[in-house]
Amino acid sequence: MWKPLYKKSFLWSLVDSSFISLPAPKNLNYWWNFGSLLGLCLVIQISTGLFLSFHYSAHESTAFESVVHIERNVNMGWLLRSVHTNGASAFFFCLYCHIGRGLYYGCYRQTKVWLSGVILLLLTMGIAFLGYVLPWGQMSFWGATVITNLLTAIPLVGEPLVHWIWGGYSVSGVTLTRFYSLHFILPFVLAALAATHIVLLHEKGSSNPLGVSSSTAKLRFHPYYTTKDLLGASVFMGGFLGLVLLKPHLLSSPENFFPANPLSTPAHIQPEWYFLFAYTILRSMPSKSLGVLYMVFSIVSLCFFSFYHTSIFQSAFWTPPLGVLFGLHFYTWVMLTWLGGKPADPPYIFWGQLFSVFYVLFYPLTLLVVYWQKLVLGPIMGNKIGR
């Protein structure tokens with residue numbers, strides 16, 4: 001029998017088992033492309049951020065001017081800044097699509113993979129917030145002030161914790177330096193956790209749109225899904241470069257084109273679009289503590305799906321009530337995002353409170369549907385549901 005003259009290296013074996021010879025379900029659709037697009041976005045953000053750090057100055061008196069210097073004087077600096085800034089929006093667009101696909105098709109049944117994904121979401125949100133502060137514009141400064149002040153809602157230790165994060169009694173140059181250091185190092189932690197996420201996924205293999213076992217209907221990942229990912233990446237990069245080159249400031253706040261001024265508060269403080277749904281929930285509550293609690297619950301409650309979803313038929317693909325709930329949940333998220341960009345005045349306050357309640361109700365209503373089909377439909381279908 002013929003034997004190879006040399007053994008495969010560990011690195012090549014890892015690449016081969018993860019991206020070439022990996023058995024993958026044969027019925028994956030284009031919603032599964034967003035996982036690879038997230039990896040592409042992470043590479044873009046780390047590489048552009050590295051080059052931007054060569055010219056950025058993390059000091060309160062020069063941070064804003066260094067950003068202007070990058071855009072005006074550094075060769076292709078305007079392009080690097082535009083790619084990095086809009087890359088954050090592209091990252092969250094892909095991330096929310098990735099989560100939405102998991103909710104609709106019931107991918108949360110792989111508990112370790114789903115929980116590691118929630119951790120990645122929380123870490124990504126933290127990194128994005130730290131990066132938003134770095135330009136040291138008006139909205140960056142006041143956004144940092146408002147968001148960090150939320151920690152004062154924690155009993156007893158809240159206020160000392162905020163002062164420790166600030167490095168003083170207000171947001172200052174010390175805060176900026178700390179945020180810059182964390183924003184530089186945490187993406188590498190995110191990359192390591194993303195690799196762990198992929199390893200956990202490959203333990204049992206990817207799910208599929210039908211949500212059923214497909215152990216006998218597998219294909220090699222290459223060339224079937226590598227070509228599919230390349231097509232998806234080409235379409236994605238076409239739209240992304242169109243945004244970067246034609247409308248680079250479409251998603252930016254006008255207030256951030258002015259240097260930070262602690263003595264002048266913007267008329268309407270708001271975060272980037274990908275945080276607006278949580279911001280609406282926060283400001284809609286009558287008290288800060290309740291607002292923080294609701295906001296944290298709206299994100300962390302994603303973990304609950306991996307605990308009470310056990311049936312292979314609990315995907316919205318097979319269960320029309322879950323599909324309706326998912327559609328209403330998506331509409332609620334869109335409305336919360338839209339309301340976050342509006343001033344905190346009537347009638348936006350009332351609508352924010354109403355949709356905040358709808359958003360949080362998605363999780364207990366989904367639980368009711370799950371147990372309804374387990375207790376009612378289970379005996380009718382021969383107890384096949386809920387096993």
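Each reported figure results from applying straightforward, stated rules to the coordinates on display, with no laboratory input. Computed from a prediction, not measured in an experiment: that's the story for all the values here. Neighbour counts run over all protein chains shown; Cβ positions are idealised from the backbone, glycine included.
Between Thr332, Thr227, Thr196, the GNM of the chain built on Cα springs shorter than 10 angstrom shows Thr227 fluctuating the most. Recomputing Kirkwood radius over Cα pairs in Å from the coordinates shown identifies the correct label among [x] 21.3; [y] 27.2; [z] 23.1 as [z]. In terms of distances greater than 30 angstrom between alpha carbons, the cross-link table entries Lys204/Lys228; Lys247/Lys288; Lys26/Lys247; Lys112/Lys228; Lys112/Lys342; Lys112/Lys218 yield Lys247/Lys288; Lys26/Lys247; Lys112/Lys342. The H on the amide N of Leu219, modeled in the peptide plane, is under 5 Å from the matching H of Ala24, Lys26, each at least 5 residues off or on a different chain. Among the chymotrypsin sites (Phe, Trp or Tyr not before Pro) in segment 41-73, those located in a DSSP loop and surrounded by at most 15 other Cβ atoms within 10 Å of their own Cβ are Phe54.
Helices of the chain meeting both criteria, an alpha-carbon length of 24 angstrom or more along the long axis and an average Kyte-Doolittle score not below 0.5, with helices taken as full DSSP H segments, are 34-53, 111-133, 173-204, 221-246, 320-340, 348-372. Legend: ranking of residues Phe304, Phe141, Phe350 from fewest to most surrounding C-beta atoms inside 10 Å; resulting order Phe350, Phe304, Phe141.
Of the residues Ile127, Ile165, the one with the fewest other Cβ atoms within 10 Å heads the list, and the complete ranking is Ile165, Ile127.
Residues Ser207, Ser82, Ser287, Ser181, ranked from the fewest to the most other C-beta atoms within 10 Å, line up as Ser287, Ser181, Ser82, Ser207.
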